[in-house]
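First comes the structure, then the notes that go with it.
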Amino acid sequence: MSEIGLAKKVETLVLFLEKLYSVKFGNVGEDCSRWSLIDCANNTCSWVGCDVCSHWCHAACGIQKNLIKPGPSLKGPSGSTEMQLHCIGCGHASEMFGFVKDVFMLCTKNWALETLKKELDCVRKIFRGSEDYKGKELHLKADDMLSKLETKMVSPSDACNSMIQFFN
Ligand SMILES: [Zn+2]
Ligand SMILES: [Zn+2]
């Protein structure tokens, strides 16, 4: 069996065991470059995943490894770019704006102040290198909300509403 074939089989087995026992083999504190089959990461922007395969990595690691970067827009006008996660598993580029939007639309109401600040910081970092208008706006918005929260110029619930309005 080829190395890739074997890796694929092991990965399938790991996924099967995770589903069976409802556990996660990836560890948030550890290097996520090889095994990051975290299944419950859809309520945070600190883990980003591939739309096609089951590879996930910390947003911070993705940024550090230059896997989160602008790429040719998949749906937008030709020649435009958008922030994407470039998967080390399958090479697919997953669009980040929609991912972050979904997380915020679904989860902000449950976030305490510390979580909200952590998520905003993450969004700010993911979109820092944006070349497109939407991505740049989101970077600025997250940055602005974060500093307003830190100086107590807005309440957490106002910040959440403001983010939801931004995405609508
Ligand atoms: Zn990592
Ligand atoms: Zn992938």
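No value in this document is a laboratory result; all are computed from the given coordinates. The structure presented is a predicted model; accordingly, all values stated were derived computationally and were not measured. Positions of Cβ are backbone-derived with ideal geometry, glycine not excepted, and every protein chain shown enters the neighbour counts.
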Inset, instruction - Taking the Cα atoms of the range 32-168, report the difference between the largest and smallest coordinate on each principal axis, in whole Å and largest first. - result: 43, 34, 24
Inset, instruction - Place the peptides 146-159, 87-100 in order of packing, highest mean first, counting for every residue the other Cβ atoms within 10 Å and averaging per peptide. - result: 87-100, 146-159
Inset, instruction - Please work out the C-alpha center-to-center distance from the range 43-59 to the range 136-153 and express it in whole Å. - result: 23 Å
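Counting Lys and Arg as +1 and Asp and Glu as -1, what is the net charge of the other residues whose Cβ lies under 14 Å from the Cβ of residue 133?
-1
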Inset, instruction - Check cross-link reach from residue 141 to the lysines: straight Cα distance under 17 Å, and skip same-chain residues fewer than eight apart. - result: 101, 117, 118, 125, 152
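Taking the beta-carbon count within 10 Å as an exposure proxy, list 119, 114 from fewest neighbours to most. Don't skip to the answer; put the middle values down first.
On the way: 119 24, 114 9.
By the 10 Å Cβ count, ascending: 114, 119.
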Inset, instruction - Would you mind calculating the relative contact order of the range 68-168 from Cα pairs under 8 angstrom and at least 6 residues apart, reporting the percent as a whole number? - result: 24 percent
Inset, instruction - First select every other residue whose beta carbon is under 12 angstrom from the beta carbon of residue 111; then total the charges, Lys and Arg +1, Asp and Glu -1. - result: +1
